[in-house]
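Undergrad: Structure below; questions to follow.
The values are calculated or read from the model by the stated rules, or taken from the named source; none is laboratory data. Because the structure is predicted, anything quoted here is derived from the model rather than measured. Virtual Cβ from ideal backbone geometry, glycine too; neighbours counted across all protein chains shown. The accessibility values were calculated without ligands, DNA or RNA, using every heavy atom of the protein model including side chains. Shrake-Rupley method; radii C 1.70, N 1.55, O 1.52, S 1.80 Å.
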Amino acid sequence: MGFSKDFVWGCATASYQVEGGYLDDGKGLNVWDICSHVPGFVRDGNNGDVTCDQYHKFKEDVKLMKEIGLKSYRFSVNWARVLPTGDVKDGINEAGLQYYSDLVDELLANGIEPYLTVFHWDYPNELFKRGGWLNPESPKWFENYTKVLVDRLSDRVTHWMTLNEPQCFVNLGHDTGVHAPGLKLPMVYLMEIYRNVLLAHGHACITIRKYTKKPCEIGFAPVAGVDIPYTDSKEDIEAAKFSMFAIDSPDMLWKNSIWMDPIVLGKFPEGAKEYAGECWPNFTDEDLKIIHQPLDFFGMNSYQGNTVKHREDGKPGFEVLKREDGYDHTAIRWPITPKILYWGPVLFYERYKLPILVTENGMSNYDLVSEDGCVHDPQRIEFLKRYLREFKKASDVVPLKGYTQWSFMDNFEWAEGYNERFGIVYTDYVTGNRILKDSAKFYAEVIKTNGENL
Ligand code: GCO
């Protein structure tokens, strides 16, 4: 069948990773501004103070997006750029809001649809000092912030994602502490955060629907962990589902179902409450109603997966297959597993019945500028081909909305700093120059032919 006529080909970035301008025009600080200045927090002492400087160069970037033929650009808003303390009561930073308004105008003028993520990890520092996601007021803070964006941008922005990868900012930021704000909290507090984040998502959805000036679509962009069944047998498919959705230990905050079931199905997955024990937060029925808001698409941030098979003893569960020796992998050493773009859509659609939008997928590569001034990245072309062919197969069985490649350009890769290049556009961090990589030209062909060339 192939991709539908209205299939949306895009690229993604996130505010802290590309914007820079960290003290510009009245912006407040966020937890990444703070933590990346702590020696040892980020590899090689890198930080996002300048990064790609998209804050000043967005027009140049949109021009490149147009050259590639992108239909959408997924970006996020830096909360403290718009509300310097994070709290609307302390006032709006008009210049910061104007930046996003200008970016949206520029995109639309070039025929590119803005896909706005309200929060992609850059939490305002002043709110963090008031307890951050632990504060029971935090869903309200998020709701008020969302309202500011909706009031100002929803006359033009019609695609919204509330949160990016709660699994990461909750676990990496508050459990292992390798991401900002760098905390290592016991489970009881993590579960409080879990509750507040879910409520923040729900309130944001309600706010967007209530105040939007145009009909719009809402989703969110979780880590969508996919496992690949070893064979097409019923037993192996069940094993993959078990691995993706079953709660079988207290260590549950990375599981798909712990986030998506309450949001999409309006209930918690079986076993969650039991395994959390005393740490289970005090969810009320009213909470669950707020969290369970209608969504228009299922956002998948997916890069890699395991292959699993059923247990030989016939008990529920799964076995993870050992990877073959010398398996294909990316520069960040993630395995190349194209089949996640077939099985992910199939298994998520079966459980959640929402059309699929890949909100992130891509690879880090050892890219360099050759003597001819070009960036040749055949590995990334191969990656895109392999993954997109699987995704195309999924289009026969599941409604697909679009594909958003991560990332439009090389950028600040969190704790890995500038060591990982995920872009289809090369960023020279010394000169600030951008170069379209070969993969950008390949992606342009994919877009032009709507995937017929795959
Ligand atoms: C994530 C984030 C992105 C990353 C990308 C590559 O998925 O972790 O959304 O900000 O940069 O995924 O790791």
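Undergrad: What whole-number value in Å² describes the accessible area per residue of the stretch 194-234 for a 1.4 Å probe?
TA: Result: 38 Å² per residue.
Undergrad: If the chain between residue 178 and residue 214 were fully stretched, how many nm would it gain, using 0.36 nm times the residue separation less the Cα-Cα distance?
TA: 9.0 nm
Undergrad: Counting only C-alpha contacts under 8 Å and six or more residues apart, can you give the relative contact order of the stretch 305-454 as a whole percent?
TA: Answer for the stretch 305-454 is 22 percent.
Undergrad: Pairs to check: 59/214; 66/241; 59/448; 184/392; 63/241; 71/339. Give those whose C-alpha atoms are more than 31 Å from each other in this structure.
TA: 66/241; 184/392; 63/241
Undergrad: Using DSSP loop states and a limit of at most 13 other Cβ atoms within 10 Å to flag chymotrypsin sites (Phe, Trp or Tyr not before Pro), what is the longest stretch of the chain containing no flagged site?
TA: Maximal segment without exposed cleavage sites: 1-326.
Undergrad: Can you tell me the relative contact order of the chain? Whole percent, Cα pairs under 8 Å, sequence separation 6 or more.
TA: It rounds to 18 percent for the chain.
Undergrad: Grab the Cα-Cα distance for residue 234 and residue 376, subtract it from 0.36 nm times how many residues apart they are, and report the gain in nm with one decimal.
TA: Difference between extended and current length: 46.9 nm.
Undergrad: Please arrange 44, 236 by accessible surface area, largest first, computed with a 1.4 Å probe and ligands excluded.
TA: 44, 236
Undergrad: How much length, in nm to one decimal, is gained on full extension between residue 441 and residue 98, taken as 0.36 nm per residue of separation minus their Cα-Cα distance?
TA: That pair, residue 441 and residue 98, stretches by 120.3 nm at full extension.
Undergrad: Based on the Cβ-Cβ distance from residue 4 to residue 189, what FRET efficiency comes out when R0 is 51 Å, to the nearest 0.05?
TA: After rounding, the FRET efficiency stands at 0.70.
Undergrad: Using Cα-Cα distances under 8 Å and only pairs 6 or more residues apart, what relative contact order does the stretch 136-237 have, in percent?
TA: That works out to 41 percent.
Undergrad: Gap in Å between the Cα centre of the stretch 129-150 and the Cα centre of the stretch 1-56?
TA: Answer, in whole Å: 21.
Undergrad: Got a number for the accessible area of residue 76? Probe 1.4 Å, square angstrom, nearest 10.
TA: Solvent-accessible area, nearest 10 Å²: 0 Å².
Undergrad: May I pose another question? Would you mind classifying the stretch 293-445 by shape? Square roots of the alpha carbon gyration tensor eigenvalues, ordered a ≥ b ≥ c; an a/c under 1.5 is rounded, otherwise it is prolate if a/b is larger than b/c and oblate if not.
TA: Cα axes put the stretch 293-445 in the prolate bin.
Undergrad: State in Å² the accessible area per residue of the stretch 283-409; use a 1.4 Å probe, count heavy atoms of protein chains only, and round to the nearest integer.
TA: For the stretch 283-409, the solvent-accessible area averages 46 Å² per residue.
Undergrad: In whole percent, and with a 1.4 Å probe on the protein chains, what portion of the accessible area of the chain is carbon and sulfur?
TA: Of the solvent-accessible surface of the chain, carbon and sulfur hold 51 percent.
Undergrad: Mind jotting down the distance between the C-alpha centroids of the stretch 404-443 and the stretch 367-381, whole Å?
TA: Each part's Cα centre sits 12 Å from the other's.
Undergrad: Just the number, please: Stokes-Einstein D of the chain in µm²/s, Kirkwood Rh from C-alpha pairs, 37 °C, 0.692 mPa s.
TA: D, rounded to a whole number, is 147 µm²/s.
Undergrad: Further question: How much accessible area per residue does the stretch 1-111 have, counting only protein heavy atoms and a probe of 1.4 Å, in square angstrom?
TA: 39 Å²
Undergrad: Then there is this: Calculate for the chain the 222 nm mean residue ellipticity that helices alone would give, adding -39,500 (n - 2.57) per DSSP H run of length 4 or more and normalising by residue count, nearest 500 deg cm²/dmol.
TA: -11000 deg cm²/dmol
Undergrad: Where in the stretch 417-454 does the label zone of residue 336 land, with the point 7 angstrom along Cα→C-beta and an amide N cut-off under 16 Å?
TA: 421-424, 438-440, 442-443
Undergrad: Looking at the chain, what % of its DSSP beta bridges pair antiparallel, to the nearest 5?
TA: 15 percent
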